[in-house]
Amino acid sequence: MKSENLKSSQRSEALWAVAEAIEGATRAIRRARNKLNPEDCPPGSQLRQMIIVEFLNDCIQSIGEDVEGESSGG
């Protein structure tokens, strides 16, 4: 049981690290393209909500999925 929990924890940590890498890369690419990131907008504003959606869409596209969830790979 303890071994299973450790393996699960390691998988979770690895998945979290991948998510952080995707988030960081997306943030850097958006900055290089002169696009806003969520923290560039006032909290609670409509602009921030729009930018969050764009940011998440960019993250999804970076892993090879289109926004509707269909794989863009062959």
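The values are calculated or read from the model by the stated rules, or taken from the named source; none is laboratory data. Not measured: the values here are computed from a predicted model. Here the Cβ positions follow ideal geometry from the backbone for every residue, glycine too, while neighbour counts run over all protein chains shown.
Would you tally the residues in the stretch 22-46 being surrounded by fewer than 13 Cβ atoms within 10 Å (Cβ to Cβ) and without any contact (Cβ under 8 Å) to a residue 12 or more places away in the chain? Final tally of qualifying residues: 13. Of the set (1) touching a Ser or Thr at 6+ places or on another chain (Cβ under 7 Å); (2) modelled with pLDDT under 95; (3) surrounded by 11 or more Cβ atoms within 10 Å (Cβ to Cβ), all apply to Gly64 but (3). Being at pLDDT below 95, of a type in the set (A, V, I, L, M) and out of contact with any Lys or Arg (no Cβ under 8 Å at 6 or more places or on another chain) is not true of Leu56. For Arg27, all conditions in the list (1) modelled with pLDDT under 95; (2) within 18 Å of the chain's Cα centre (by Cα) hold save one; what is the number of the exception? With (1) modelled with pLDDT under 95; (2) within 18 Å of the chain's Cα centre (by Cα) applied to Arg27, the lone miss is (1). Checking every residue in the stretch 34-50 against the condition of being closer than 18 Å to Ser62 by Cβ, in contact with a Ser or Thr (Cβ under 9 Å, 6 or more places away or on another chain), modelled with pLDDT of 95 or more and not in a helix (DSSP H, G or I) gives at least one match.
Which of the residues spanning the stretch 8-33 are under 18 Å from Gln61 (Cβ atoms) and either of a type in the set (Asp, Glu) or not in a helix (DSSP H, G or I) (or both)? Within the stretch 8-33, Glu20, Glu23, Arg33 meet the criteria.
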